[in-house]
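Student: Take a look at this one; I'll ask things after.
Read-outs throughout are calculated quantities, based only on the coordinates presented, and are distinct from any laboratory measurement. Computed from a prediction, not measured in an experiment: that's the story for all the values here. Counting neighbours? That spans all protein chains shown, and the Cβs are built from the backbone with ideal geometry, glycine included.
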Amino acid sequence: MTSELDLMKRQFGHRARLALSPAEIRVLDDQAHAARTMWNCLHSWWTMTPKSDTKLTAADAAIRQARKDLDYLAVLPAQAAQAVLKTYLRAWVNCWERRAEEPNYKGRFRSAMSVDIPQGRDLNIVRVHRRWGMVNIPKVGRVRFRWTKNLPIGKRADKANRITGARLVKDALGWHIAFRVQTLERAPEPHQGPEVGIDAGVNIPLALSDENHQDHGRPPRLPDGNSDRDKWLNPKEKAKLLKLERQAAHRKTFRKKGEKASRRLRHTYDQIKQLRAKATRRALNWQHQTTTYLARTYGVIVVEQLNIPGMTKSPAPKPHPDNAGEFLRNGARAKAGTNRSIAQEAWGRAVTMLTYKTARNGGQLVKVPAPYTSQRCSACGFVSPGSRESQEKFVCKNPDCGFIGNADWNAARNVLHLYRIGHVIVEVPAAGRRGRRAGKTVKPTAAM
C-alpha cells in the first residue's frame, strides 16, 4: 500500500488545439485585445498613483468600474480581468526579486494574444471522441479541442488530481488552450541507468559520451557555409517560404512611410508566420521525444553550465585607424550565422526539459563547468587551443598521446569526467533528497 510519504505533487501544463468557428475566433480576439488594453490601463494607473496600503484594493475597484463604463472592456470575463491584475502584480514581484525586467506596455502586434481562465471548475471538460474533447469557454460556449493526453476529469478528478485552470493562447497556427493540471503521483524510484555526459553542439545537437549521439538529421550549414534558417521545413515548404518572402519584399516597396500595411501584405506576413510556426513546432517535438528518451535511458545526465547569451553576443565594431567614422570588418556577419545556428538548436530549452523529465523518472541532472571541455583531450587531459582543427575533428597536440576523434564526442567525455572527479555546479535533485522532494531544483553549490 502506498503511503502519503511516497506520494509527490506534480504540476504541469498541457496544450491542445482548439477547433473554432470564424465567429468564435472574433470573440476570442476581442477578449485578448481587451485583456491587453486592461493591462496597459492598469500599468498607467499603477505608475501614476502614489504608494499606499490600499492601492491593491483600489486597483481591483478600478478594474470593476472600467468594465462597467467601457463596453470594449466588458467583453472580457470578470475572472479573466482579475487574472490580469494578478499577473501584473506577479510581474512586479519578479522584477523586485531580479528575475525579470519591469513590466511595460503591451503593443498590439508585439505581444502574444492570451486570455486566462483561472477557475478549473468552469471548464466542464468532457471527452466525446477518441481524438476530440469539449471544453466550456466563458462568453464563447462549448468548443472542441484536440484530445492528445488523458486529463483528470469525471471520476478520475478529485482534490489532489484536477485541472486548476487554463489559458487561451493564440499563435500563427490559431488558438490553443493550455490546461494547468495538478496530480498526486507516486515518487519515482532511483533510476539505475548508466551515467552519460552530453555536449551541446551545432553539427551534432546532442553528443553523448557513449557515442549514442542524438541528431535530427538536418544539416546546420549550407554548402556555402551559411546557416540553414529553415532546416525544419521540407524542400516544397522552403520554396513556398522563399516565394512569400519575395512577395512581401516586393509589396513592401509600394507602402509609403508611416502608412499601414495593405491587406495583401498582411496576408503574406501571416502565411510566413504559419510556416515559421510549423518549423518551430517540429523542432519542439524532436526535443521532447529526444529528452524523454534520454531521461528514461540514463540515471545520471551531465551537461555543461553554458552562458548562451554570452556565446551569441555579436562582436563590437572596431573603428578604422585611418578613416574616421568608418569601422573595420570584424567577422560580425560570420558570427551572425553561428548565432542563428546556436539559437535554432535551443540548448537552454533542452536542458530545461531534461531537468524535470529526469526528476520525474528518478534520474539526476548535473551541471559542470564549461571552460576547456572542447580543448582538453579526453584520453590524456592535455589542453591546447589548436587541438580542435575543425567543428568535427579533434587532434591532441600532445606528442605522447596523438588521440584523434570527433570533437563533440571528446567534449562529452570531458563533461562526464568532470562530474566523476567532483566538479559539480548544480545537482537536480540533490543527492540523498529523493522521495517527496524529487523533482525540485536545489540551489547551486560552489564548484569544487
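Student: Can you tell me how the chain classifies by the Cα gyration tensor, rounded, prolate or oblate, using a/c under 1.5 as the rounded cut? Intermediate values should be presented prior to the final figure.
Tutor: On the way: a/c = 1.78, a/b = 1.28, b/c = 1.39.
It comes out oblate by the Cα gyration axes.
Student: With point charges of +1 on the Cβ of Lys and Arg and -1 on the Cβ of Asp and Glu, referenced to the Cα centre of the chain, which listed residue (LEU20, LEU42, TYR293) lies farthest in the positive direction of the dipole?
Tutor: So the residue we want is LEU20.
Student: Over the chain, with a Gaussian network built from C-alpha contacts below 10 Å, which listed residue (PRO399, PRO205, PRO77) shows the highest mean-square fluctuation?
Tutor: It is PRO399.
Student: Rank THR54, THR373, THR164 by mean-square fluctuation in a GNM of the chain with C-alpha springs under 10 angstrom and give only the top-ranked residue.
Tutor: THR54
Student: Can you list the residues, at least 5 places off or on another chain, whose amide H is less than 5 Å from the amide H of TRP147, using H built in the peptide plane?
Tutor: TRP132, GLY133
Student: Looking at this model, which pairs from LYS273/LYS367; LYS86/LYS170; LYS231/LYS393; LYS55/LYS170 are more than 27 angstrom apart at the alpha-carbon?
Tutor: Working: LYS273/LYS367 35 Å; LYS86/LYS170 21 Å; LYS231/LYS393 23 Å; LYS55/LYS170 32 Å.
Cα-Cα > 27 Å for LYS273/LYS367; LYS55/LYS170; rest within.
Student: On to the next question. What does the charge dipole of region 1-50 about its Cα centre add up to, to the nearest 20 debye, if the Cβ of each Lys and Arg holds +1 and the Cβ of each Asp and Glu holds -1? Please list the in-between numbers first.
Tutor: On the way: 6 positive and 5 negative charges, 29 e Å.
Dipole of region 1-50, to the nearest 20 debye: 140 debye.
Student: Of the listed peptides 262-275, 401-414, what is their order by residue-averaged count of other C-beta atoms within 10 Å, with the highest listed first? Working shown, then result.
Tutor: Details: 262-275: 15.1, 401-414: 20.6.
The packing order, highest mean first, is 401-414, 262-275.
Student: Something else: Taking neighbour counts of Cβ atoms within 10 Å as a proxy for exposure, in what order, fewest first, do GLU97, GLU185 appear? Walk me through the intermediate numbers first.
Tutor: On the way: GLU97 8, GLU185 15.
Sorted ascending by nearby Cβ count, the order is GLU97, GLU185.
Student: Just list whichever of LYS236/LYS335; LYS51/LYS106; LYS106/LYS149 have alpha carbons separated by over 27 Å in the model shown. Don't skip to the answer; put the middle values down first.
Tutor: Details: LYS236/LYS335 29 Å; LYS51/LYS106 23 Å; LYS106/LYS149 33 Å.
As for pairs spanning more than 27 Å Cα to Cα, those are LYS236/LYS335; LYS106/LYS149.
Student: Give me the dipole magnitude in Debye, nearest 20, for the chain about the Cα centre, with unit charges on the beta carbon: positive for Lys and Arg, negative for Asp and Glu. Intermediate results must be reported in sequence, preceding the final value.
Tutor: Values: 81 positive and 39 negative charges, 412 e Å.
The dipole magnitude comes to about 1980 debye.
Student: Using a Gaussian network model on the chain with a 10 Å cutoff between Cα atoms, which of ALA80, ALA187, ALA261 fluctuates the most?
Tutor: Taking springs between Cα atoms under 10 Å, the residue moving most is ALA261.
Student: Under the rule of -39500 (n - 2.57) per DSSP H run of 4 or more residues, summed and divided by the residues of the chain, what mean residue ellipticity at 222 nm is obtained, to the nearest 500 deg cm²/dmol? Can you show the working numbers first?
Tutor: Numbers: 10 runs with 164 residues, N = 448.
Helix-only estimate at 222 nm: -12000 deg cm²/dmol.
Student: How would VAL140, VAL302, VAL169 line up from fewest to most surrounding beta-carbon atoms within 10 angstrom? Mind dumping the intermediate values first?
Tutor: Details: VAL140 20, VAL302 24, VAL169 17.
In order of increasing Cβ crowding within 10 Å: VAL169, VAL140, VAL302.
Student: Take the alpha carbon atoms of region 372-421, find their center, do the same for region 252-320, and report the distance between the two centers in whole angstrom.
Tutor: 31
Student: Loop only per DSSP, at most 14 neighbouring Cβ atoms within 10 Å: give me the trypsin sites (Lys or Arg not before Pro) in region 29-76, ordered by residue number.
Tutor: Details: sites: ARG36, LYS51, LYS55, ARG64, ARG67, LYS68; in loops: LYS51.
Taking region 29-76 and a limit of 14 other Cβ atoms within 10 Å, the loop trypsin sites (Lys or Arg not before Pro) found are LYS51.
Student: Can you compute the charge dipole magnitude of region 4-186 about its Cα centre, using +1 on each Lys and Arg Cβ and -1 on each Asp and Glu Cβ, nothing else charged? Give it in debye, rounded to the nearest 20.
Tutor: Here region 4-186 has a charge dipole of around 780 debye.
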